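Colleague: Below is a structure I'd like to ask you about.
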Amino acid sequence: MARDISASELDRLEAWLAADPRHARAFARERALWQDLDTFADALADTTSHRSVIHPKPWHGFTRRRLIRTAPVALAASILAAFMGPSLVLALRADHRTAVGEVRSVALPDGTTAMLDSDSAISVAFDSDRRIVHLLAGRAWFDVRHEGRPFLVEALDGETQDIGTGFEVRRDGGVVEVSVTEGAVQVRTPVERAGPILHAGGRLRYTADRLVMLAAQPVARLAAWRKGELLFDKQPIKAVIAEIARYRRAPVWTIGDFGQASPVSGLFLIERPDEALETIARMRGLRMTTLPGGVIVIRPDPAS
């Protein structure tokens, strides 16, 4: 697919490249990939030539003329990356990332501790004025080291600023939830830029067009995954299954109507997700089937 690039697009690309050295490195990697593909395609198309060796073109850095020539290729590479899935893009953007089922503590450059839940990712952008962490996926809990620069966590155009010490931010699709385990935070959302202040036990949820204050919870029940636990208190059964499934590499499918199933309360270990699912299925009279590859199917049992 061929595409011309306008002057305004070129200006935006140059600004993006200048904003962070990682952008330039990512652009160079994409350019190298597509340059090799182009060279290979040219060699195949040249039926009158008998060249047997493909020589890669040397790389001399970015110039405006080079950008004009290579930007459409990079844009095409971006489209390819989209088709290859968000995992590739996430890997390019993330400074710290956890695998499915992994919970890990990360020491940030300022001495703050960040704990990442299963399948989570963050990027870090600290400068002389501010400390910003971008939550790219999943969940993270922060024990903030206080100093002169503000500490902020950005997720989906919202911003959580530390006032106290400990808090969790979780991102699930287009929804972000914030909860405070110690001290206080101020949350600025796309619809509430002034930002409510949450204290220990406080919680809220926001989307691109809505802010919802949630019922406060005992601090011990917030971000329990930090201790390897999942705590549920009268939660809908499908929500509980989805939560446990985050700690399995293979998916869990629910089929059928779970409307008659009673809510679930209990404590389960994240290192034993299959055992947790078996317990819930047994408690609620559900049929659980394990397919090849570890896929689990859970459905209501007609006989129960």
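What follows draws every value from the coordinates through simple rules; no lab data is involved. As the structure is a computational prediction, the values presented were derived from the model and not from experiment.
Colleague: Search the structure for amide H atoms under 5 Å from the amide H of residue 195, placed 1.01 Å from N in the peptide plane, and list their residues when 5 or more places away or on another chain.
Modeller: 189
Colleague: Thinking of segment 96-219 as a set of Cα atoms, what percent of all their pairs are more than 25 Å apart? Each step should come with its number before you reach the end.
Modeller: Details: 1173 of 7626 pairs.
For segment 96-219, the share of Cα pairs beyond 25 Å comes to 15 percent.
Colleague: For segment 96-219, what is the percent of antiparallel DSSP beta bridges, rounded to the nearest 5?
Modeller: Antiparallel bridges: around 90 percent, rounded to the nearest 5.
Colleague: What value does segment 86-154 have for Rg/Rh, both radii from Cα atoms and Rh as Kirkwood defines it? It would help to have the intermediate numbers written out before the result.
Modeller: Details: Rg = 11.8 Å, Rh = 12.2 Å.
Ratio of gyration radius to Kirkwood radius: 0.97.
Colleague: Also: Over the Cα atoms of segment 228-300, what radius of gyration and what Dmax do you get, in Å?
Modeller: Considering segment 228-300 through its Cα atoms, Rg and Dmax are 11.2, 32 Å.
Colleague: Please work out the Cα center distance from segment 274-304 to segment 219-265, rounded to the nearest Å.
Modeller: 13 Å
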